[in-house]
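To keep things clear, I will list the structure first and then write my remarks on it.
The values are calculated or read from the model by the stated rules, or taken from the named source; none is laboratory data. This structure is a prediction, so every number in the text was calculated from the model and none was measured. Here Cβ is always computed from backbone atoms with ideal geometry, including for glycine, and neighbour counts include all displayed protein chains. These area figures cover heavy atoms from the full protein model, side chains too; ligands, DNA and RNA do not enter into them. Shrake-Rupley method; radii C 1.70, N 1.55, O 1.52, S 1.80 Å.
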Amino acid sequence: MEIRNILVIRFRRVGDSVLSMGLCHTLRESFPGAEIDFVINKGIDSLYREHPDIDNVIVYDKKECDNIFKYIRKTRQTMKVKRYDIIIDMRSTVKSSLFSLFSLGTKYRIGRKKWYSRLLLTHTVNNRLPGSRPEQNLLLLRPLENKYKIKYSTDFRLYVSKENVSEMRTRMEKSGIDFSRPVLIAAVATRVQGKAWPFDRMTAVLKKAIAKYPQVQIVFNYSKDEKEIAMSYYNALDKDKHIFINIHADSLIELCAMLSNSSMFFGNEGGPRHMAQALGIPAYAIFPPGIKKETWLHNENEYNTGISPDDYVSPQDQEKFEMGYKERMEIMSTDRVWNGMDRFMDRIIGLF
């Protein structure tokens, strides 16, 4: 059977969607003649409008996701437009299974193994095995091996136009950035409250970075909702001249352009860190308790690395000693984070 149309259902957040690009790239390499459609939440879709591994982006806004009747209506209409040969349901929730319900003629309806997923899927896969998230995602393509040659790749990339990169570079220069010196994008805030490394420790590490590497220009990355937090850091650091608070990305595409114009990334683990890695920007991240570094940091090396409580106390011992979230976060002391960041920055700055 010739594969003409493929639907990949992703939804959710920036980081999840970025790490799913390895799966989409594998599909593109394995079925070069097929159209690949990608289901994603509104607000994230701009990252994939011009992506070479995606032909069509199907967007659900918040109202369509929150209202079950609107969700059903849109999903049914979506599945009427095109006959899919393969559906990859990366979410495999009750709601996402409606795509398969409205396309029971699709030969390959593949998703994660859950107690209810066999009702509408033709193949279910346990993909929560040891390995990074891109590697886990690729397990969903195993059922296709019986009939097709699958060219596996964990290569997840983002693409930003030269025009967007150039426009951002001009904005950054007008704000005082000197591109003959290193530029560090710092994620001091997090989308989920409580996930961020403590304020006083982050401030202390940034002070150390400024003192040892005065040539580095630090640009705070923050969303509109995080501006107050970013300003708190800026004030706590005495509005140091090495910090640029006035350069702001108003969209994910602008953030891609800003990262593309930077030398390195540092800060709390999250979507921006995944974007940095997908754009080939060296990054050092702080992983909070419960977020496994081996899962979310694919291909860790000296240019893409980070720190986690699990590096010092095993998850088994954390559970054994009944360590709470705050106690586990405190495992990552200022000195431990700084020691790793210092080595990381020294490597990157050595490239200049």
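Taking amide H as placed 1.01 Å from N in the peptide plane, residue 58 has its amide H under 5 Å from the amide H of 38, 39, 40, each at least 5 places away in sequence or on another chain. Computed from Cα positions, the angle between helix 21-30 and the longest principal axis of the chain comes to roughly 40 degrees. Under the simplified labelling scheme, the residue 227-residue 250 pair shows an inter-label distance of 1.1 nm, with each label point 7 Å from Cα along Cα→Cβ. Subtracting the Cα-Cα distance of residue 101 and residue 122 from 0.36 nm times their residue separation leaves 6.4 nm of extension gain. Global size of the stretch 24-83: 12.9, 37 Å for Rg and Dmax (C-alpha atoms, Rg to one decimal, Dmax whole). For a paramagnetic label modelled on residue 62 (point 7 Å from Cα along Cα→Cβ), amide N atoms under 19 Å away belong, within the stretch 17-51, to 40-47.
Accessible area of the stretch 150-297 with a 1.4 Å probe: how many percent of it is carbon plus sulfur? Heavy-atom surface of the stretch 150-297 belonging to carbon and sulfur, 1.4 Å probe: 48 percent. Looking only at the stretch 225-256, which residues have a backbone nitrogen under 20 Å from a spot 7 Å from the Cα of residue 178 in the C-beta direction? From the stretch 225-256, the list is 239-247.
Note on the chain: GNM, Cα springs under 10 Å; of 183, 192, 160, the largest mean-square fluctuation is that of 192. Placing +1 on the Cβ of every Lys and Arg and -1 on the Cβ of every Asp and Glu, with no other charges, gives the chain a dipole of roughly 1380 debye about its Cα centre. Please tell me which of these pairs span more than 22 angstrom C-alpha to C-alpha: 63/195; 162/212; 212/326; 208/239; 195/326; 195/227? Violating the 22 Å Cα-Cα cut-off are 63/195; 162/212; 212/326.
In loop segments of the stretch 48-132 as defined by DSSP, the chymotrypsin sites (Phe, Trp or Tyr not before Pro) with at most 12 further C-beta atoms inside 10 Å of their C-beta are 115, 116. Secondary-structure-derived ellipticity at 222 nm for the chain, considering helices only, amounts to -10500 deg cm²/dmol, per-run term -39500 (n - 2.57) for DSSP H runs with n ≥ 4.
Taking label positions 7 Å along the Cα-Cβ direction at both residue 320 and residue 76, the computed distance is 5.6 nm, reported to one decimal. Which shape class applies to the chain: rounded if a/c is under 1.5, otherwise prolate when a/b exceeds b/c and oblate if not, where a ≥ b ≥ c are the square roots of the Cα gyration tensor eigenvalues? It is prolate, given that a/c is not under 1.5 and a/b is the larger ratio.
Where both bridge residues fall in the stretch 201-352, DSSP classifies roughly 10% of the beta bridges as antiparallel.
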